[in-house]
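The values are calculated or read from the model by the stated rules, or taken from the named source; none is laboratory data. Treat the numbers as computed from the prediction; the structure is a model and nothing was measured. Backbone-built Cβ (ideal geometry, glycine too); neighbour counts: all protein chains shown.
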Amino acid sequence: MHWIPILALVVALVGCGPAQDDAPAGNEDDGASKRPRSGGTITFAINAEPPSLSPVMPSTRVSTFVMGMMHFGLVRMQADGTWGPGIAESWEWSEDGTQLTMKLRDDLKWSDGDPMDSADVVATYELVAAEDSPFPAKNLLEPLADIDAPDPGTLVFTFADRPLDPLLSAVVNPLPSHVMGDLRPAEVESWPRSRDPLTVGPFRLAEWNAGESLRLERNPHYPGRPAYFEEVIVKVVPDPGVQLLQLEAGEVDVVQSVPFGEVERLEKNDDIRLHPIEGSTMTFLLHNLTRPALQDARVRRAISFGVDRQAMVDGLLYGFGQPAASAIAPIFPSHDGSVQPDPHDPVRAAELLTEAGWVDTDGDSIRDKDGVSLSLVLLTRAGDAV
């Protein structure tokens, strides 16, 4: 596999957000008077409408983004890649590492005011783990043998064997059991609460204009620090060019994905700030091993030596990326920086093909073997520069 991790760019309109406090009379230059205060509205542009806002439905990047403001799981991934508290405020392991006991926060309520407790988690896990469950999260629960709620504030996970990363089983966001009834997996997609969810996070859904926008408002039952903004507008704007036009016109405050070719122009606009974010998005070449030629590791390695990764980063991504040697991006703690990608070496690539028996026997500049020309089909996404 040949990976090129891509650096994401978030673009924000300078001055978006809450209004500033009025300056005290006669003290216009006081720095404190210019300090932003909580409140107001922020508007994001996204490229597609979320198919659902149910935590257990298959998610897309946009649904994950929106749900991230409304939901959170038992544990949450921290900036350093470690697990931190979420709904669970603490946890401990049995000596053999096969049982996990979690203590839940006692101050959480659903956005309708009903208390959130361990029964909600158990009901959600039973739904996801059901035999007819189509949910991707089911794979995370495979190591789990049992889940029990001895009291409203306690969960006990029992694993058949000591799992490699047992807390992965704790990232499923719960559903509100008090409105689930006899909900079955096949009914979740059409369940009204999949588009009008109850939440425990800082925001709740206030309005959804299909195909156009979603409006989130502060969740009055959220026990943590109130969200900085009173409401969040998420506009569905499929065309990246239109997103930038709306940003420059002040119709949206934040655009999450910027065409790299627009960066230089946007940097000259004093009203716009670009925020590079190191991400884990990767473009890779995946070999189809049912093709006879690709069953030979020397051919696959020759392709690797033939790819000029740095030229792709520089020419296609305008330098916003880096060649990678594995599927683990540098932002993750498990990334091994000592592993390096194959260099661009056409000479070595040619040597490997010759060793594998692929040579140009008829002078047509195409290598062949046993009367068959070396021909491969590259399948890619329309509009993908890389």
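In the stretch 153-171, how many residues are at pLDDT below 85 and either touching a helix residue (DSSP H, G or I) at 6+ places or on another chain (Cβ under 6 Å) or farther than 26 Å from W93 by Cβ (or both)? Full working, then the answer.
Taking the stretch 153-171 as the starting set, the residues that turn out to be at pLDDT below 85 are 160-171.
With either touching a helix residue (DSSP H, G or I) at 6+ places or on another chain (Cβ under 6 Å) or farther than 26 Å from W93 by Cβ (or both) added as a condition, the list becomes 168-169.
Going through the stretch 153-171 one residue at a time, the tally reaches 2.
Would you mind stating whether V258 is modelled with pLDDT of 90 or more and crowded, with 18+ Cβ neighbours inside 10 Å? If you could, list the steps in order and put the result at the bottom.
Numbers: modelled with pLDDT of 90 or more: no; crowded, with 18+ Cβ neighbours inside 10 Å: yes.
For V258, the condition - modelled with pLDDT of 90 or more and crowded, with 18+ Cβ neighbours inside 10 Å - is not met.
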Inset, instruction - Kindly check whether there is at least one residue in the stretch 324-338 that is in contact with a helix residue (DSSP H, G or I) (Cβ under 8 Å, 6 or more places away or on another chain) and in a loop (DSSP other than H, G, I, E, B). - result: no
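Please pick out the residue among P174, P150 that is part of a loop (DSSP other than H, G, I, E, B), assigned by TED's automatic domain parsing to the domain that holds D117 and modelled with pLDDT of 90 or more. Spell out how you get there, then give the answer.
Details: P150 fails: part of a loop (DSSP other than H, G, I, E, B).
So the residue among P174, P150 that is part of a loop (DSSP other than H, G, I, E, B), assigned by TED's automatic domain parsing to the domain that holds D117 and modelled with pLDDT of 90 or more is P174.
Of everything in the stretch 238-279, what is β-branched (V, I, T) and within 19 Å of the chain's Cα centre (by Cα)? Give them in sequence order. Spell out how you get there, then give the answer.
Of the stretch 238-279, the ones β-branched (V, I, T) are 242, 252, 254-255, 258, 263, 272, 277.
Passing the criteria: V254, V255, V258, I277.
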Inset, instruction - List the number of the failed condition for R301; all other conditions in (1) in contact (Cβ under 8 Å) with a residue 24 or more places away in the chain; (2) among the basic types (K, R); (3) within 30 Å of D253 (Cα to Cα); (4) not in a strand (DSSP E or B) hold. - result: (3)
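Do the conditions hold for T380, that is, is it out of contact with any helix residue (DSSP H, G or I) (no Cβ under 9 Å at 6 or more places or on another chain), more than 19 Å from F305 (Cβ to Cβ) and either assigned to a helix (DSSP H, G or I) or not assigned by TED's automatic domain parsing to the domain that holds A302 (or both)?
Values: out of contact with any helix residue (DSSP H, G or I) (no Cβ under 9 Å at 6 or more places or on another chain): yes; more than 19 Å from F305 (Cβ to Cβ): yes; either assigned to a helix (DSSP H, G or I) or not assigned by TED's automatic domain parsing to the domain that holds A302 (or both): yes.
So T380 passes the test.
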Legend entry - Single condition I147 does not satisfy, out of (1) exposed (fewer than 15 other Cβ atoms within 10 Å of the Cβ); (2) out of contact with any Lys or Arg (no Cβ under 9 Å at 6 or more places or on another chain): (1)
